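The values are calculated or read from the model by the stated rules, or taken from the named source; none is laboratory data. Remember, it's a predicted structure, so these values are computed and weren't measured experimentally. Counting neighbours? That spans all protein chains shown, and the Cβs are built from the backbone with ideal geometry, glycine included. The area values use the complete protein model at the heavy-atom level, side chains included, leaving out ligands, DNA and RNA. Shrake-Rupley method; radii C 1.70, N 1.55, O 1.52, S 1.80 Å.
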Amino acid sequence: MSSKRKNEWWHRSVPAIYPQTYLTLARERGAEPDHILRDAGLPTDLFANPRAEISFLQMKALVDTVLQRTGDDGIGVEVGWRLPPTAFGNLGYGLLCSATLQDALDLCLRFWHLPGRVVRASLSRSGATCTIDFILIAPVPEPNHHLILESTLASLYRGFQLLAGATAADLEVWFQGPPPAYADHVATRFGHVRYDMPATQFRFSAHLLQ
């Protein structure tokens with residue numbers, strides 16, 4: 001494969017934890033993973049190897065099939081909720097070993113390109129509030145666009161709860177787009193969530209850093 005082709009977003013690899021989590025949630029909703037893989041044009045034994053990876057183009061086919069089979073457009077939030085720090089291998093264990101949340105965030109952002117291959121994340125602080133901005137750096141089509149952002153923010157939210165004992169009072173989630181039909185469900189996970197905002201952000205109290 002040429003270097004140019006590797007750099008095209010749809011040929012970049014997706015860590016196995018993402019499609020495996022989608023398939024697990026689909027099974028819980030009554031859809032057989034083997035049928036999903038077959039309909040998505042993927043071999044049914046694809047994940048016999050726990051380290052198997054697929055391309056974003058294959059991931060899109062899998063996600064589209066999961067949505068068709070389950071009818072659950074809000075599944076991205078649940079995918080992210082199933083991805084605690086330990087889901088990301090050595091990076092996750094490094095986060096757990098960090099002395100403070102500041103150290104964990106520094107490590108996470110330094111190696112963000114490993115789990116977040118089409119999303120850019122940046123941290124800033126203004127007074128008592130810290131903000132992590134998320135920008136998709138690839139022209140990912142819907143519904144994958146919102147699924148990626150929702151799963152990313154859900155995973156981060158869950159990580160803050162586990163690493164820093166954060167509560168809903170400490171955290172707020174912003175989305176640029178309008179509220180979806182499943183916005184009430186999103187609110188049960190995120191607590192404070194706002195739509196039609198100028199950016200997609202994860203906002204938290206600066207006191208958590210230490």
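General remarks:
- Candidates are the residues of region 51-70 that are polar (S, T, N, Q) and open to solvent by 70 Å² or more (accessible area, probe 1.4 Å); the one that is farthest from residue 148 (Cα to Cα) is 68.
- For beta carbons closer than 6 Å, sequence separation of 6+ or different chains, a first residue in region 6-27 that is more than 18 Å from residue 76 (Cβ to Cβ) and a second that is modelled with pLDDT under 75 and not hydroxyl-bearing (Ser, Thr, Tyr), the qualifying pairs are 11/5; 12/117.
- Of the residues examined, residue 124 is not one that is in a loop (DSSP other than H, G, I, E, B), among the hydroxyl-bearing types (Ser, Thr, Tyr) and farther than 19 Å from residue 20 by Cβ.
- Of residues in region 172-196 being within 17 Å of residue 121 (Cα to Cα) and touching a Gly at 6+ places or on another chain (Cβ under 9 Å), the one least open to solvent (accessible area, probe 1.4 Å): 173
- Test result for residue 164, among the hydrophobic types (A, V, I, L, M, F, W, C), open to solvent by 40 Å² or more (accessible area, probe 1.4 Å) and more than 24 Å from residue 73 (Cα to Cα): no
- Residue 150 passes every criterion in (1) among the charged types (D, E, K, R); (2) open to solvent by less than 30 Å² (accessible area, probe 1.4 Å); (3) assigned to a loop (DSSP other than H, G, I, E, B) apart from (3).
- Those helices (runs of 4 or more DSSP H) of region 1-118 in which 2 or more residues are over 16 Å from the mean Cα position of the chain (by Cα) occupy 3-7, 17-28, 33-39, 56-70, 89-96, 101-110.
- Restricting 177, 116, 165, 92 to those that are modelled with pLDDT under 90, touching a Pro at 6+ places or on another chain (Cβ under 6 Å) and of a type in the set (Gly, Ala, Ser) reduces the list to 92.
- Filter result (among the polar types (S, T, N, Q) and surrounded by 19 or more Cβ atoms within 10 Å (Cβ to Cβ)) within region 21-50: 21
- Test: residue 137 is aliphatic (A, V, I, L, M) and open to solvent by less than 50 Å² (accessible area, probe 1.4 Å): no
- Residue count for region 96-108, restricted to those that are surrounded by 15 or more Cβ atoms within 10 Å (Cβ to Cβ) and farther than 18 Å from residue 207 by Cα: 2.
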